[in-house]
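Report on the structure given below.
Read-outs: derived from the displayed coordinates by stated rules, not from any lab. On a predicted model such as this, the values are computed, not experimentally measured, just so you know. Cβ: placed from backbone, ideal geometry, glycine included. Neighbour counts: every protein chain shown.
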Amino acid sequence: MSKVIICDTTNIATIYQQDAKGIYTKETELTKHADRVKSVDWAPNSNRIATCAGDRNAYIWNLNAETKEWEPSLVLLRIERAATYIRWSPKEDRFAVGSGARLLSICYYDEEHDWWVSKHIKKPIRSTIL
């Protein structure tokens, strides 16, 4: 059984699950974003989903083992334009977010405050990061 996540032209990312016959059915929707979801990345080892959108926000989604619901954690991006691209690091402890603000945000988890924070790379980037 495999799963896939799809984000079309809306603010919703939808998770589909494949059954034994190979047919995909909708499992759940991730609906925290206020604008179109631009990018999504699913970390295979930690089973966390990262999403970013045109609303300048990113969320990390963790599956609650008891309720089987995906719970969002806000990422403090501090960017002025749409978040356009998100990818996990190979160790899945950090991720990068590209944006229309012509900077790259490297994000990590702050256990003390229980949220994800970012540090910006502001090299002379001349265009949107995709």
(request) Using a 10 angstrom cutoff on alpha carbons, build the Gaussian network for the chain and name the most mobile of 54, 22, 98. (result) 22
(request) Please give the contour-minus-distance gain from residue 65 to residue 92: 0.36 nm per residue of separation, less the Cα-Cα distance, rounded to one decimal in nm. (result) 7.8 nm
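Starting from region 1-103, pick out the GluC sites (Glu not before Pro) whose DSSP state is loop and whose Cβ has at most 16 other Cβ atoms within 10 Å. Intermediate values should be presented prior to the final figure.
Details: sites: 27, 29, 66, 69, 80, 92; in loops: 66, 69, 80, 92.
The qualifying sites are 66, 69, 80, 92.
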(message) Can you compute the modelled spin-label distance between residue 27 and residue 80, with each label point 7 Å from Cα toward Cβ, in nm?
(response) 4.0 nm
(request) Taking each pair of different alpha-carbon atoms in the chain once, compute 1/r for the pair, average those values, and report the inverse of that mean as the Kirkwood hydrodynamic radius in Å to one decimal. (result) 15.2 Å
(request) Tell me the label-point distance for the pair residue 106, residue 55, using the 7 Å Cα-to-Cβ offset, in nm and rounded to one decimal. (result) 2.9 nm
(message) Restricting to Cα pairs below 8 Å that are 6+ residues apart, what does the relative contact order work out to for the chain? Please round to a whole percent.
(response) 15 percent
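Please give me, ordered by residue number, the trypsin sites (Lys or Arg not before Pro) of region 44-116 that lie in loop per DSSP and have at most 10 other Cβ atoms within 10 Å.
Sparse-neighbourhood loop trypsin sites (Lys or Arg not before Pro): 68, 91.
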